Amino acid sequence: MSPERPHIAELAAVRSTLAERGNPWQAAETRMSRLPEDWRAARLGVPAPTSDEIAERAGQPESMAAAARGAAGQSVSALGAPSASLPSAFDLRDVGGRSYVTGIRDQGGCGSCVAFGTLASMESTASYTRGAPGLALNLSEAHLYFVHAKARGYTCASGSWPDDLYSDCVTKGVTFEDYYPYSDAGTGAVNADWPNRLAKAVGTANLTGNPAAIKQHIYSYGGVVACFVVYNDFFHYRSGVYRHTTEDVAGGHCVALIGWDDAAGCWLGKNSWGTGWGDGGFFRIAYGDSFIEDYPGTRPTVFGCTSVTLRAWLPAQRTLRLFATANDANGWAYLENYGWAHLAGGAHTTTNKLAELTHARGTGHQVSPFINGAELSSVLVAD
Amino acid sequence: MATPVARKPRKAVPATVTAAEAAQAPPAPATAEAGPDTPPPAPAAMMAAATTAQDMLAPAPPSLDEQGIAIGDGLTVGWVHHRMITHLWSYDAVTGVWVWVDGIGWKRLSPVSEHGHSHLCLLATLATDRNLPVDYHEDAAGRIDQLLV
């Protein structure tokens, strides 16, 4: 075996073990397989648990799996959920043929996975709660990690925790990718206008250790961020339902959970290792495996939010519906890639905006909206 | 108060309604006639005079299905779906616009507020101009107080 390609032997060992277990998942040479051990570790941005912390969680995987399966059929109270009870399978990439999951990102050689998992969750919630798959929000992991997390003392080497980063998303907000493009070196700087191109999380929920609540949240509001223990075989995952086949711990990692499948007994996950790993960057992991519902240690590690507010100009788009009531200042516009937006301001400005928007709706002109919170505060209609 | 004369079958009114006709008593309403400032009956948040703060509590737009048709349990009572507005009629009062709903007849736009009335008028005009179907909600007096185009 070539010393430059040690992963070949590693991969063969994983495949052999999988074959003994009936091939529950498929291992292959991924872009992570080819990385040296220390480069792989650099991508694991959640402080690794101690062996004692893992030992204390004996029995947790079984209890979490049972709880996850037991949630099927549970009633759902959120008004925005597709139905009144939890289905046996759900995938935010295919909700009535629509996808509420943004594209796979690549965190590169930095332990910034918590930022990627957190923003994947927010991006999903932003579009899912509005029923607007075309929103295609792309938030700046660089802003969250190299500005907000850095202010807390986190670095690429230290990793971070989702409770801290989600808190920053609530209080400070995160700008869009074009205002601070990501590079794993943390180079560049955030655009000084970032407060005017901002997304904020609202209604964060700690879902740690509660598989039923995780399902409820995904079904009602969109994806959640979750941390789990990474075993050394995970780098070679290609497809199938992952269960760790080795006890060799590589570290801790953070992803977004975007659905589940009770028949296969697994969560659907979105990773941040590019499309050259896993199933185009996505994966399936067995309920309870790798402590994904409750990471060993004392910190909460599964979070979601119930909505995402924006303050930003959005791309030009069509106005599909207009709505008004007999009240003085109650006008709404349904924007193709945003959903319903209340027209901001008092009676006169509502009249002005409705006049512009009726023109745009009638002629098919696109409008560039400036969204502030839940309100449409400016409208640009151009030929 | 002036109202258009109800006619059957449907007939354009603006060109034919005379001042005398406009002054005629309206057809008997289903409930007591509301004054020009009477708010729609529900929900409770709309009962008071409209202000910016109260407008934020006013009804939100209905949910839409993939074809853009309004859906939702709360919309089945008082809501009329997928109708065409073919004629508009107004007289010299601040809140004096009526619309002809194809297959139903004349409906007054709610006079609860002047601006709200103008907003409903804007949308009704759009619907007529572009032949767009509308969903609308009637208050207890049978006036259109919510309009979706």
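Of the listed requirements (1) in contact with a Phe, Trp or Tyr (Cβ under 6 Å, 6 or more places away or on another chain); (2) among the hydroxyl-bearing types (Ser, Thr, Tyr); (3) not in a loop (DSSP other than H, G, I, E, B), A:Ser160 misses just one: (3).
If I filter the stretch A:134-181 down to residues being of a type in the set (Ser, Thr, Tyr) and in contact with a strand residue (DSSP E or B) (Cβ under 6 Å, 6 or more places away or on another chain), which single residue comes out as nearest to A:Gln317 (Cα to Cα)? So that I can check it myself, show each step before the final result.
As a first pass, look at the stretch A:134-181 and keep what is of a type in the set (Ser, Thr, Tyr): A:140, A:145, A:154-155, A:158, A:160, A:166-167, A:171, A:175, A:179-180.
Among the residues that remain, those that are also in contact with a strand residue (DSSP E or B) (Cβ under 6 Å, 6 or more places away or on another chain) are: A:140, A:166, A:175.
On the way: A:Ser140: 23, A:Tyr166: 30, A:Thr175: 21 Å.
Filtering the stretch A:134-181 for residues that are of a type in the set (Ser, Thr, Tyr) and in contact with a strand residue (DSSP E or B) (Cβ under 6 Å, 6 or more places away or on another chain), the one nearest to A:Gln317 (Cα to Cα) comes out as A:Thr175.
Residues in the stretch A:9-19 that are open to solvent by 30 Å² or more (accessible area, probe 1.4 Å) and in contact with a Ser or Thr (Cβ under 9 Å, 6 or more places away or on another chain): A:Glu10, A:Ala13, A:Thr17. Going by what's in this entry, would A:Leu343 be described as outside the structural domain of A:Pro133 (by TED's automatic domain parsing) and in contact with a Ser or Thr (Cβ under 6 Å, 6 or more places away or on another chain)? Yes, satisfied.
Scanning for something charged (D, E, K, R) and either closer than 17 Å to A:Ile292 by Cβ or modelled with pLDDT under 95 (or both), does the stretch A:119-133 turn up at least one residue? Within the stretch A:119-133, one or more residues are charged (D, E, K, R) and either closer than 17 Å to A:Ile292 by Cβ or modelled with pLDDT under 95 (or both).
May I ask you to list the residues in the stretch A:325-375 that are within 7 Å of another protein chain (Cβ to nearest Cβ), under 24 Å from A:Thr306 (Cβ atoms), open to solvent by 20 Å² or more (accessible area, probe 1.4 Å) and not in a strand (DSSP E or B)?
Narrowing the stretch A:325-375 to residues within 7 Å of another protein chain (Cβ to nearest Cβ): A:325-332, A:334, A:340, A:346-347, A:350-351, A:354-355, A:358, A:361-362.
Restricting the remaining residues to those that are under 24 Å from A:Thr306 (Cβ atoms) gives A:330, A:332, A:334, A:340.
Those left that are additionally open to solvent by 20 Å² or more (accessible area, probe 1.4 Å): A:332, A:334, A:340.
Selection gives nothing.
Applying the condition of being within 14 Å of another protein chain (Cβ to nearest Cβ) and in contact with an Asp or Glu (Cβ under 6 Å, 6 or more places away or on another chain) to the stretch A:284-324 and asking which residue is farthest from A:Gly159 (Cα to Cα) yields A:Leu320. Filter the stretch A:295-313 down to the residues that are of a type outside the set (Phe, Trp, Tyr) and crowded, with 20+ Cβ neighbours inside 10 Å and list them by number. A:Pro296, A:Gly297, A:Thr301, A:Val302, A:Gly304, A:Cys305, A:Val308, A:Leu310 - these are the residues of the stretch A:295-313 that are of a type outside the set (Phe, Trp, Tyr) and crowded, with 20+ Cβ neighbours inside 10 Å. Selection of the stretch A:93-121 for residues being open to solvent by 30 Å² or more (accessible area, probe 1.4 Å) and of a type outside the set (Val, Ile, Thr) yields A:Arg93, A:Asp94, A:Gly96, A:Gly97, A:Arg98, A:Ser99, A:Gly103, A:Arg105, A:Asp106, A:Gly109.
The values are calculated or read from the model by the stated rules, or taken from the named source; none is laboratory data. What you are looking at is a predicted structure, and each value in this text was computed from that prediction instead of being measured. Positions of Cβ are generated from backbone atoms using ideal geometry, with glycine treated the same way; all protein chains shown enter the neighbour counts. Accessible surface is based on the protein model in full, side chains and every heavy atom, while ligands, DNA and RNA are left aside. Shrake-Rupley method; radii C 1.70, N 1.55, O 1.52, S 1.80 Å.
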